[in-house]
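Visitor: The structure that follows is given in the form of structure tokens.
The values are calculated or read from the model by the stated rules, or taken from the named source; none is laboratory data. Remember, predicted model here, so these are calculated numbers, not experimental data. Glycine also receives a Cβ, built like all others from the backbone with ideal geometry; neighbour counts cover every protein chain displayed.
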């Protein structure tokens with residue numbers, strides 16, 4: 001049950017007789033409905049990646065308030081072309097799981113002004129082709145609501161076009177990288193469309 005505001009009461013002085021004591025107390029009760037403006041950003045800080053090489057993503061989940069979001073879900077499902085480990089540190093009172101292996105599906109506590117900073121260190125499959133793209137999301141816990149829709153950030157990197165077949169269609173991205181490599185005996189560079 002949500003706590004009620006304090007009861008304010010009035011009492012007559014001892015020299016006065018109160019003829020109606022039923023109206024001497026008034027209570028105002030409000031349900032507390034937490035709201036949080038959650039956001040997330042993601043970048044790999046590069047414009048080119050290479051199959052067989054490595055890429056590091058920085059993922060920052062934030063809460064602009066006004067309420068604390070305890071148990072917000074931060075998620076990032078890495079594509080099959082990536083093998084990742086990750087660490088997390090909190091800032092501004094934010095807390096998160098210190099480290100993990102594979103995809104991120106973490107419960108972070110984000111006070112107003114707090115953040116959780118994830119660093120994912122990934123190796124790229126040497127046989128990767130097409131487009132390397134994955135999305136990080138943050139979602140409010142069930143007990144609170146977001147002041148804005150669930151935020152998401154996509155990072156996308158292009159991989160060399162295979163000799164046969166059509167390349168995968170790149171997803172919309174705010175961070176883009178181009179991966180170069182040799183296929184069919186010649187150098188290729190596949191880029192995401194603007």
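Visitor: So residue 148 clears everything in (1) surrounded by 15 or more Cβ atoms within 10 Å (Cβ to Cβ); (2) modelled with pLDDT under 95 except one condition, right? Which one?
Guide: If we test residue 148 against (1) surrounded by 15 or more Cβ atoms within 10 Å (Cβ to Cβ); (2) modelled with pLDDT under 95, just (1) comes out false.
Visitor: Is it fair to say residue 128 is more than 10 Å from the chain's Cα centre (by Cα), buried (at least 18 other Cβ atoms within 10 Å of the Cβ), modelled with pLDDT of 75 or more and closer than 20 Å to residue 57 by Cα?
Guide: Working: more than 10 Å from the chain's Cα centre (by Cα): yes; buried (at least 18 other Cβ atoms within 10 Å of the Cβ): yes; modelled with pLDDT of 75 or more: yes; closer than 20 Å to residue 57 by Cα: yes.
It is true that residue 128 is more than 10 Å from the chain's Cα centre (by Cα), buried (at least 18 other Cβ atoms within 10 Å of the Cβ), modelled with pLDDT of 75 or more and closer than 20 Å to residue 57 by Cα.
Visitor: I'm trying to understand the selection: among the residues of the stretch 63-87, which are more than 10 Å from the chain's Cα centre (by Cα), assigned to a strand (DSSP E or B) and surrounded by 19 or more Cβ atoms within 10 Å (Cβ to Cβ)? Break it down stepwise before answering.
Guide: In the first step, residues of the stretch 63-87 are kept if they are more than 10 Å from the chain's Cα centre (by Cα); the result is 64-71, 77-87.
After this cut, where a residue has to be assigned to a strand (DSSP E or B) as well, the list is 64-66, 69-71, 82-87.
Within the stretch 63-87, 69, 82, 84, 86 meet the criteria.
Visitor: Please go through the stretch 16-62 and give me each residue that is more than 22 Å from residue 99 (Cβ to Cβ) and assigned to a strand (DSSP E or B), ordered by number. Even if it seems obvious, please write down each step before you answer.
Guide: In the first step, residues of the stretch 16-62 are kept if they are more than 22 Å from residue 99 (Cβ to Cβ); the result is 16-39, 46-53.
Matches in the stretch 16-62: 25, 26, 35, 36, 37, 38, 39, 48.
Visitor: Next question. Could you give every pair whose Cβ atoms fall below 9 Å, whose first residue belongs to the stretch 25-40 and is more than 27 Å from residue 75 (Cα to Cα), and whose second residue is surrounded by 14 or more Cβ atoms within 10 Å (Cβ to Cβ), counting only separations of at least 6 or pairs across chains?
Guide: From residues that are more than 27 Å from residue 75 (Cα to Cα), the pairs are 32/67.
Visitor: Same structure again: Which of the residues belonging to the stretch 96-114 are part of a strand (DSSP E or B) and closer than 14 Å to residue 138 by Cβ? Working first, answer last.
Guide: Narrowing the stretch 96-114 to residues part of a strand (DSSP E or B): 99-101, 104-110.
Result: 104, 105, 106, 107, 108, 109, 110.
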